[in-house]
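Asker: Below: one structure in structure tokens.
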Amino acid sequence: MTVTQHRRPVANALVKLVPEAAMGSAVEPAEGQTDETGLTFFNVVGGKTFGVRGGLYRVHITGMLPDGSPIPGQYNSDTTLGIAVGGGLPQPRTPEFKLD
């Protein structure tokens, strides 16, 4: 997943994938931190392997925007973002979240 604002990468942001309630306890949360290009790789929280389980997630992004201001609550505490992960689910090859 890539995080940008006005086509500029959002570096060093913490991105959390929180399973939707319908996923029950079968799907664990995952998180990752964006690199200097805004790209994030995920790990299951508390897991010892890379990746994320298939399912439906709310996306929480926290950190600072390229201009130095904090990422607004609509992308974290009051998130409206979501993603479907897994085989056969509709999604682009590398999803991009534009915080514009």
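The values are calculated or read from the model by the stated rules, or taken from the named source; none is laboratory data. Owing to the predicted nature of the structure, the values given are computational and were not obtained by experimental measurement. FYI the Cβ positions are ideal-geometry reconstructions off the backbone, even for glycines, and counts take in every protein chain you see. For accessibility, only protein heavy atoms count, side chains too; no ligands or nucleic acids. Shrake-Rupley method; radii C 1.70, N 1.55, O 1.52, S 1.80 Å.
Asker: Before I look further, what does the range 1-70 give for accessible area per residue, probe 1.4 Å, in whole square angstrom?
Answerer: Solvent-accessible surface per residue comes out at 58 Å².
Asker: So who's got an amide H within less than 5 Å of the one on Gly47, skipping anything under 5 residues away but keeping other chains? H placed 1.01 Å off N, in plane.
Answerer: Long-range HN contacts for Gly47: none found.
Asker: For the chain, max minus min Cα coordinate along each principal axis, in Å, sorted largest first?
Answerer: Here the spans come out as 39, 27, 24 Å, largest first.
Asker: What is the spin-label model distance, in nm, from Lys98 to Glu20 if the labels are put 7 Å beyond Cα along the C-beta direction?
Answerer: Those two pseudo-labels are separated by 2.3 nm.
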